[in-house]
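Novice: I have a structure I would like to understand better, so I am pasting it below and will then ask my questions one at a time.
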Amino acid sequence: MNTYVINNEFIKKGIEKVVKFKEPLMNHTSLKIGGPADIFCIPNDIEELMKIISISQKFNIPFWVIGNGTNLLVLDKGVRGIVIKLGKGFKKMNFIDKIVKVGAGTSLLYLGRITLNRGLSGLEFACNIPGTLGGAIINNAGFNGNCMADIVQSVTFLTKEKKIESVPPPGLNFKYRECNLKDKSVIILEVTLQLKEGNKEKIESIIKEYIKIREVKQPVDKLSAGSIFKNPPSYYAGELIEKVGAKGLSQGKAAVSNKHANFIINNGNATARDVLYLIEEIEKRVKNIFGIKLVREIQILGEP
Ligand SMILES: Cc1cc2nc3c(=O)[nH]c(=O)nc-3n(C[C@H](O)[C@H](O)[C@H](O)COP(=O)(O)OP(=O)(O)OC[C@H]3O[C@@H](n4cnc5c(N)ncnc54)[C@H](O)[C@@H]3O)c2cc1C
């Protein structure tokens, strides 16, 4: 890849300010792990985003979009291609009564605080999920029996062909921690959520209760990427991991949390290789002992 030529293309299109070369992705993941992205872009609006996609097409460079990197394991060699993170212009909110249109780059923590202040109910479960709205849609993020699918009215996204489409939930096929936009190279731009009128004190007390549950059960004070595996039908992944003796297992500076075995934590300068070793070791043990094939919730990005 000729960085000089590509940088010139960014200059030609007037978007040189949105691009960085060799940006360490450890700065953009909650695990604080990950090698450099060849090209890292933070577009501030749809026009800049379209220009980035044009560059990707012109030079035949693949692109990936990330949110807050809270469900990602970026590999140590980093990413060969363009990594896009939505900027300022994708963090807008527009309320019409109980319906809110929200930019996909908005953090759930912030959105949760704003809807609480307006006395709108529906996002209590999301108030301490550290991702963006875009990532939450892709993963159908959820907590305590609630999930994004419960409140989504429509999702607007940009396709690889640079078409903007809006799709309501039946077309999104939401399932446990996924929807059919996953792995389709679409970029979610905006989401319309249908909330309910609620009582501010009650909403706040539910949020506090959820925070307490997390503090008791999860290693919230450590670097992690949330749950590593989905719960298999009728089981909890954490329990299975405990039963195969992998709780507390470590490799380099990565360890299976002693508090919740479905979390892998970075205790210092862990590498993606360390984390992957633990993931594969858990998969092997659970398969051998229980005959269950664990499905990964964490997504892996980068050059193997
Ligand atoms: C401490 C901790 C607690 C967590 N608790 C929960 C929990 O309770 N429930 C839960 O469900 N998850 C939880 N998670 C996991 C994670 O926060 C969620 O899955 C979150 O929705 C991911 O959002 P993100 O913006 O960080 O996405 P990323 O991790 O950056 O990306 C995840 C996926 O979404 C895609 N993506 C992101 N933005 C876009 C976009 N705009 N358009 C298209 N694709 C996009 C990426 O390509 C990737 O495939 C937790 C994580 C941590 C670290």
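The values are calculated or read from the model by the stated rules, or taken from the named source; none is laboratory data. Remember, it's a predicted structure, so these values are computed and weren't measured experimentally. Note that we place each Cβ from the backbone using ideal geometry, even for glycine, and neighbour counts take in every protein chain shown. What goes into the accessible areas is simple: the full protein's heavy atoms, side chains included, and nothing from ligands, DNA or RNA. Shrake-Rupley method; radii C 1.70, N 1.55, O 1.52, S 1.80 Å.
Novice: Leaving out ligands, DNA and RNA, what percent of the accessible area of the chain is carbon and sulfur, probe 1.4 Å?
Specialist: Carbon and sulfur: 50 percent of the exposed surface of the chain.
Novice: In square nanometres and to one decimal, what's the mean projected area of the convex hull around the Cα atoms of the chain?
Specialist: Its Cα hull, projected and averaged over all orientations, spans 15.9 nm².
Novice: Ok, one more. Going from most exposed to least, what order do ASP150, ASP76, ASP38 have by accessible area with a 1.4 Å probe?
Specialist: Listed by decreasing accessible area, they come as ASP150, ASP76, ASP38.
Novice: Separate question: So for the pair VAL216, THR159, with labels modelled 7 Å out along Cα→Cβ, what separation do we get in nm?
Specialist: If labels sit at VAL216 and THR159, their model points lie 4.8 nm apart.
Novice: Only Cα pairs under 8 Å and at least 6 apart count here; give the relative contact order of the stretch 219-301 as a rounded whole percent.
Specialist: 36
Novice: Using the basic label-point model (7 angstrom from Cα toward the beta carbon), what is the ILE289 to ASN180 distance in nanometres?
Specialist: 3.8
Novice: Could you rank LYS230, LYS92, LYS175 by how accessible they are, 1.4 Å probe, largest area first?
Specialist: Sorted by accessible area, descending: LYS92, LYS175, LYS230.
Novice: So for the chain: antiparallel DSSP bridges make up what percent, rounded to the nearest 5?
Specialist: So the antiparallel bridges amount to about 75 percent of the total.
Novice: May I pose another question? Of all the C-alpha pairs in the stretch 3-85, what % are more than 18 Å from each other?
Specialist: The calculated P(r) of the stretch 3-85 puts 36 percent of pairs beyond 18 Å.
Novice: Still on this model: Once the piece of chain linking PHE95 and GLU197 is laid out straight, how much longer is it, given 0.36 nm per residue of separation minus the C-alpha distance between them?
Specialist: 35.4 nm
Novice: Could I ask something else about it? Helix check for the chain. Which DSSP H runs span at least 24 Å along their own axis by Cα, with a mean Kyte-Doolittle hydropathy no less than -1.0?
Specialist: Span-like helices here: 200-217, 272-290.
Novice: Heavy atoms of the protein only, probe of 1.4 Å, neighbouring chains included. What is the accessible area of ARG118 in Å², nearest 10?
Specialist: Approximately 140 Å² for this residue.
Novice: Also, quick follow-up: Given a 1.4 Å probe, how much area per residue of the chain is accessible, in Å²?
Specialist: Per-residue value: 49 Å².
Novice: Take the residue pairs LYS85/LYS175; LYS13/LYS163; LYS51/LYS85; LYS92/LYS222 and return only those whose Cα atoms are more than 23 Å apart.
Specialist: The answer is LYS85/LYS175; LYS92/LYS222.
Novice: Would you mind computing Rg(Cα) / (2.2 N^0.38 Å) for the stretch 219-301, counting N as its residues?
Specialist: 0.98
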